[in-house]
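**Q** This is the structure I want to talk about, given as structure tokens.
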Amino acid sequence: MELTGVIGGSGLYELPGFTMSERRAVMTPFGAPSDELVVGELEGRPVAFLPRHGRDHRFSPSQVNYRANIFALKLLGATRVISVSAVGSMKEEIHPGDVVLIDQFIDRTLGRPRTFFDDGVAAHVSFADPICEELRQALKAAVQKVGARHHDGGTYVCIEGPQFSTRAESRLFRSWGVSVIGMTNLPEARLAREAELSYATIALATDYDCWHEEADDVSVEAVVATLHKNVDTARRIIREAILALPPVCTSPAREALSHAIMTRREAITPEVMARLGPLIGRRLER
């Protein structure tokens with residue numbers, strides 16, 4: 001049975017049936033992840049939970065070490081990653097409290113490291129469809145079983161933050177047809193693809209950003225209040241999805257590096273191999 005990683009708030013591991021075996025500190029070539037990983041089993045299914053911002057929410061979206069977070073899950077043997085993220089709604093029909101199972105991204109982040117392959121190895125993975133449809137469908141079935149109000153598909157525009165958008169920016173993003181706005185799923189999803197991990201998002205709408213003329217402008221208080229109401233729903237979705245997943249991940253993401261590495265094996269130094277071996281090792285053995 002393959003391990004599933006869950007990235008989100010620090011309380012998500014409090015699932016019925018989840019037994020924690022340890023808190024594991026993992027060091028990666030890209031530094032330490034946001035916090036220790038909570039590792040255990042959900043009715044026999046291995047699961048690792050990682051609080052994206054740290055247990056005490058120490059890191060802003062720009063400070064999160066996304067490379068270390070994804071690499072740590074890879075080192076633990078994860079093949080799938082479920083992301084849980086608070087987002088702002090950019091459409092009237094997506095109400096605060098709704099779940100959105102997105103399938104596309106627009107990247108408006110600025111200076112975040114967004115690849116593992118920027119020193120010693122050149123690789124170009126396909127990212128046309130950034131969400132694993134196999135995993136997204138499992139989440140959809142779980143959402144339907146839980147009975148949460150949800151939206152099937154949509155585009156997530158990821159901004160740098162940590163400030164919320166201006167009204168002009170919010171209106172611009174709406175003109176692009178996006179469904180939700182957030183600050184955390186990129187470069188997380190890009191790195192998951194480079195690590196050949198199946199990746200999908202449970203986007204929890206908490207507010208209407210600042211475009212809505214009748215709703216209050218987005219604030220930390222409003223986000224936190226709605227998010228707390230959504231935590232139990234997110235836990236139930238995660239539980240149902242993990243229990244329904246097949247033992248072996250067959251996502252196309254598992255082959256993302258098959259033809260992506262451009263650097264000749266002979267040109268890759270031992271130092272680079274030592275650093276990136278968990279990502280590229282099996283591809284260079286062929």
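**Q** Could you go through the stretch 25-37 in sequence order and give the Karplus-derived ³J(HN,Hα) for each residue, using 6.51 cos²θ - 1.76 cosθ + 1.60 with θ = phi - 60°, rounded to whole Hz, and x for Gly and Pro?
**A** With coefficients 6.51, -1.76 and 1.60, one gets 8, 10, 9, 10, x, 9, x, 8, x, 4, 6, 5, 8 Hz.
**Q** Further, regarding this structure: Report, please, the projected area of the stretch 97-188 averaged over directions, based on the convex hull of its C-alpha atoms, in nm².
**A** Computed as one quarter of the Cα hull surface, the answer is 7.5 nm².
**Q** Right, here's the next one. For all pairs of alpha-carbon atoms in the stretch 83-284, what percent lies in each bin of width 5 Å, listed from the first bin to the last filled one?
**A** 1, 7, 15, 17, 17, 14, 11, 8, 6, 3, 1, 0, 0
**Q** Arrange Phe105, Phe49 by Cβ neighbour counts within 10 Å, fewest through most, would you?
**A** Lowest count first: Phe105, Phe49.
**Q** Apply the Karplus curve 6.51 cos²θ - 1.76 cosθ + 1.60, θ = phi - 60°, to the phi angles in the stretch 248-257 and return the couplings in whole Hz, x for Gly and Pro.
**A** 10, 6, 10, 4, x, 4, 5, 10, 4, 9
**Q** At R0 = 22 Å, how high is the FRET efficiency between Asp129 and Thr250 if r is their beta carbon distance? Nearest 0.05 is fine.
**A** 0.90
**Q** OK, next. For the peptides 119-132, 63-76, 187-200, what is the packing order when you average, over each peptide's residues, the other Cβ atoms within 10 Å and list the highest mean first?
**A** Put in order of decreasing packing, that is 187-200, 63-76, 119-132.
**Q** I would also like to ask the following. Can you tally the net charge around Glu133? Count Lys and Arg as +1, Asp and Glu as -1, for every other residue whose Cβ sits under 15 Å from the Cβ of Glu133.
**A** So the environment of Glu133 carries a net charge of 0.
**Q** Next question. With a 10 Å radius around each residue's Cβ, average the other Cβ atoms per peptide and rank 14-26, 138-150, highest first.
**A** Highest-to-lowest ranking by the protection proxy: 138-150, 14-26.
**Q** To the nearest 0.05, what FRET efficiency results for Asp56 and Glu266 with a Förster distance of 41 Å applied to their C-beta separation?
**A** 0.30
**Q** Sticking with the crude label model, points 7 Å out along Cα→Cβ, report the distance from Arg23 to Ile106 in nm, one decimal please.
**A** Label at Arg23, label at Ile106, 4.0 nm between them.
**Q** Here's a follow-up. In which sequence would Val100, Val39 go, from the one with the fewest C-beta neighbours within 10 Å to the one with the most?
**A** Val39, Val100
**Q** Within the chain, which whole H helices from DSSP have a Cα span along their axis of at least 20 Å and a mean Kyte-Doolittle hydropathy of -0.5 or more, if any?
**A** 220-244
**Q** OK, next. Could you list which residues have their amide H under 5 Å from that of Thr201, counting only those 5 or more apart in sequence or on another chain, with H placed in the peptide plane?
**A** For Thr201, whose amide H was placed from the backbone, the distant partners under 5 Å are Ser83, Ile102.
Read the figures in this text as sums done on the coordinates, not as results from a lab. The structure presented is a predicted model; accordingly, all values stated were derived computationally and were not measured. When we count neighbours, we look across all protein chains shown, and the Cβ atoms used for this are built from the backbone with ideal geometry, even at glycine.
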